[in-house]
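Participant: Structure below; questions to follow.
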Amino acid sequence: ALINDRVRLTYGELRERVNRLAAGWIRLGIQKADTVLLQLPNWAEFVYSYFALQQIGAIPVLLISGYRQLEINHLCQLTEAKAWIVPDIYRNVDYGSFVGEIRRANPQLAHVVSVRAERANANFTARLEQLMEKELNSDDKQLIASRRPEPADIAHILPSGGTTGLPKAIPRTHNDYICNVEYL
């Protein structure tokens, strides 16, 4: 199902990691319809995060890795994001260096979740890898199932290109994609 530089997963293994992370989001306090900034490169953790958020009805706001403080702060305020999933460092960008600034400007941003962090940073509130550690139990599975989104719910929010200024937020529903698939 998934192969990258760190993992080679079957569909069953991928489902298990997604389910564990979905339960981790619930334990962290992410609710159905909460918006979560998702700013990860093409890593397995992006796949886990995206589908785990989908499972519990949370709304990923898909950010490109090139966004810096200005765009992140703007989209965080615009979408009233409750959490942000981000690498500590990716390529030459030290996201950890401006996490505190983003949090101060956005009091509703309760959690900043680091991915593949190799250093401690007090501005991060959780590590993605730790959210996935706990084994699932029947209560976790029931909680996940109870938050399943409806077809007319927002599936995710896409930023526009921002060529004439700051990016806009474009919500897309699950039905939007079903319509596209059936039409094509």
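Participant: How much length would be gained if the chain were fully extended between Ile170 and Glu118, taking 0.36 nm per residue of separation minus their Cα-Cα distance, in nm to one decimal?
Facilitator: 15.4 nm
Participant: How about the range 1-103: which GluC sites (Glu not before Pro) there are in a DSSP loop, with at most 12 other Cβ atoms within 10 Å of their Cβ?
Facilitator: Sites meeting the loop and neighbour criteria: Glu80.
Participant: How much mean residue ellipticity at 222 nm does the chain get from its helices, if each DSSP H run of length 4 or more adds -39500 (n - 2.57) and you divide by all residues, to the nearest 500 deg cm²/dmol?
Facilitator: So the calculated ellipticity at 222 nm is -11500 deg cm²/dmol.
Participant: Going by average Cβ neighbours within 10 Å, how do the peptides 21-31, 169-179 rank, with the highest at the top?
Facilitator: Per-residue Cβ counts within 10 Å, averaged per peptide and sorted highest first, yield 21-31, 169-179.
Participant: Using 0.36 nm times the number of residues separating Gln130 and Arg15, minus their current alpha carbon distance, what extension gain do you get?
Facilitator: Residue separation times 0.36 nm, minus the Cα-Cα distance, leaves 39.7 nm.
Participant: Across all directions of projection, what mean area in square nanometres is found for the Cα convex hull of the range 47-184?
Facilitator: Mean orientational projected area (the range 47-184, Cα hull): 10.3 nm².
Participant: Distance from the Cα centre of the range 115-164 to that of the range 65-79, in angstrom?
Facilitator: Computed from Cα coordinates, the inter-centre distance equals 18 Å.
Participant: Can you tell me how the range 36-106 classifies by the Cα gyration tensor, rounded, prolate or oblate, using a/c under 1.5 as the rounded cut?
Facilitator: oblate
Participant: Per residue, how much accessible area does the range 6-100 have with a 1.4 Å probe, in Å²?
Facilitator: 41
Participant: Could you work out the relative contact order of the chain? I mean the mean sequence separation of Cα pairs under 8 Å and 6+ apart, divided by the number of residues, in percent.
Facilitator: Once divided by the residue count of the chain, the mean separation gives 23 percent.
Participant: May I ask you to derive the relative contact order of the range 1-60, considering only C-alpha pairs under 8 Å and at least 6 residues apart, and to give it as an integer percent?
Facilitator: Result for the range 1-60 is 38 percent.
Participant: Rounded, prolate or oblate: which fits the range 130-184 when a ≥ b ≥ c are the square roots of the eigenvalues of the alpha-carbon gyration tensor, with rounded for a/c under 1.5 and prolate only if a/b beats b/c?
Facilitator: Cα axes put the range 130-184 in the oblate bin.
Participant: Moving to a separate point now. How far apart, in nm, are two points set 7 Å out from the Cα along the Cα-to-Cβ line at Glu150 and at Glu101?
Facilitator: Label at Glu150, label at Glu101, 4.1 nm between them.
The values are calculated or read from the model by the stated rules, or taken from the named source; none is laboratory data. Just so it is clear, the model here is predicted, and its values are computed rather than measured. Glycine also receives a Cβ, built like all others from the backbone with ideal geometry; neighbour counts cover every protein chain displayed. The area values use the complete protein model at the heavy-atom level, side chains included, leaving out ligands, DNA and RNA. Shrake-Rupley method; radii C 1.70, N 1.55, O 1.52, S 1.80 Å.
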